[in-house]
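First comes the structure, then the notes that go with it.
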Amino acid sequence: MLRKNRLFTPGPTPLLPAAQSAMAAFTAHHRTPDFRTLFQRVLADMKQFIGTQNDVLVLACSGTGIMESAVSNLTSPGDKVLVLTAGKFGERWTGITKAFGCNPDILSVPYGETFSLTDVRSKLTSDIRAVFVQATESSTGARHDIQAIAKLVREHGDALLVVDAITGLGTTHLDVDAWGIDFIIGGSQKALMMPPGLAYCAVSECAWQRMESSKSPRYYFDLRRERKSAAKGETAYTPATSLFAALGAALDFVRSMGNGDVAKGRESLVNNAELCAEMTRAGVTALGLKLYASSPAAALTAVTSPNGIDSGKIVKEFRETFDAVVANGQGEMKGQLFRIAHIGYYDYLDTVGILAALEQVLARTTGRIIDFGSAVRAAQEVYARTTEVTLVTQ
């Protein structure tokens, strides 16, 4: 049987064909009017994609690079910061803040859980200089209540709120300016349907002011230098030119989803992820499987492996039978769960297809008798209800 390789991982994600073509064709030098025009258009569109009036920067690095830049630009050695951690990427905040000499106060909850707002409030003392959190913890599939956390942060002193929304932007409704998010981070290989290699951030005026007094070392990630160059239509250092071409094509696609409006296209993109996630949750539940996260995200669905089955066996069966790549658990969660993403160039048919494949995979790996079609039907019912289509039953 013919097999097409398909990605169902939280990153890299399925690529937009127009972005691939643009990336392959682009040859302009980065200090030319052609690139300057592209660069300025991309920065303007990125404001609409993120949903902010704040300055937006795009750098050649992974999302972790911008995570590091947030710490190096906004803190000084010895600063007390609050890290909210509920998975492997929350733990990354802990590692980065310690590497730059901060004194992190860590609010940790078990994998798959989210934070009690009472606990967050109790940690927000007047000496906290910054709060670091994920919008979506992609190692567990959990979604955090950024709006409520932002409200608490705004009520307590001058702490800056830094949000890793690398898998959240384009899959989750986030009102950056109204909520008061000071620094939000995204990555090219997620909802923007591109290869890895670019990361971006929106930075509030309060965050820019903090950079003038922060003492941590930085050079390539000195965002003040990048901001100064961006104001002239250039990057401070050599950019990933072909990836900027791909980003321009991706933003054009988002614009087309909004009938010429990038912001409306972003809303459509988020709604697509929310619908595909709801369909997937209904499908896996219909098969008797349990969701790993107590507050599931739209970017991906983390599914607890059936009793006695190492999730690596399920991941392997997906790949060997269908050439479909789903993600295993990370770190201590390896073998306990598998993750199906709904992000990137991903739609209804991808959702139905992965659920149909899951039925076959479970039959092969668990020895259970599977009611074939049950997961697909549950997903179809969600789609029909959400899109107001009358479902014809026999």
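List of remarks:
- Helices (runs of 4 or more DSSP H) fully within segment 153-232 that include at least 3 residues being free of Cβ contacts under 8 Å to residues at least 40 places away in the same chain and assigned by TED's automatic domain parsing to the domain that holds PHE253: 223-230.
- Within the span defined as segment 104-119, one or more residues are assigned to a helix (DSSP H, G or I) and of a type in the set (D, E, K, R).
- In this structure, ALA99 does not qualify as touching a residue at least 40 places away in the same chain (Cβ under 8 Å), more than 28 Å from ALA178 (Cα to Cα), assigned by TED's automatic domain parsing to the domain that holds GLU226 and more than 17 Å from the chain's Cα centre (by Cα).
- The set of residues in segment 312-336 being touching a residue at least 60 places away in the same chain (Cβ under 8 Å) and within 23 Å of GLU137 (Cα to Cα) consists of ALA324, VAL325, VAL326, ALA327, GLY329, GLN330, GLY331, GLU332, MET333.
- Criterion applied to THR85, THR13 was being surrounded by 19 or more Cβ atoms within 10 Å (Cβ to Cβ), within 28 Å of GLU332 (Cβ to Cβ) and without any contact (Cβ under 8 Å) to a residue 40 or more places away in the chain, and the one residue passing it is THR85.
- A single member of ASN54, ASN103 is touching a Lys or Arg at 6+ places or on another chain (Cβ under 6 Å) and among the polar types (S, T, N, Q), and it is ASN103.
- The residues of segment 131-147 that are in a helix (DSSP H, G or I) and of a type outside the set (S, T, N, Q) amount to a single one, ILE146.
- All positions within segment 360-371 that are under 15 Å from SER305 (Cα atoms) and touching a Leu at 6+ places or on another chain (Cβ under 7 Å): LEU362, ARG368
The values are calculated or read from the model by the stated rules, or taken from the named source; none is laboratory data. Everything quoted here is computed from the prediction, not taken from an experiment. Ideal geometry is used to build each Cβ from the backbone, glycine not excepted, and the neighbour counts take in all protein chains shown.
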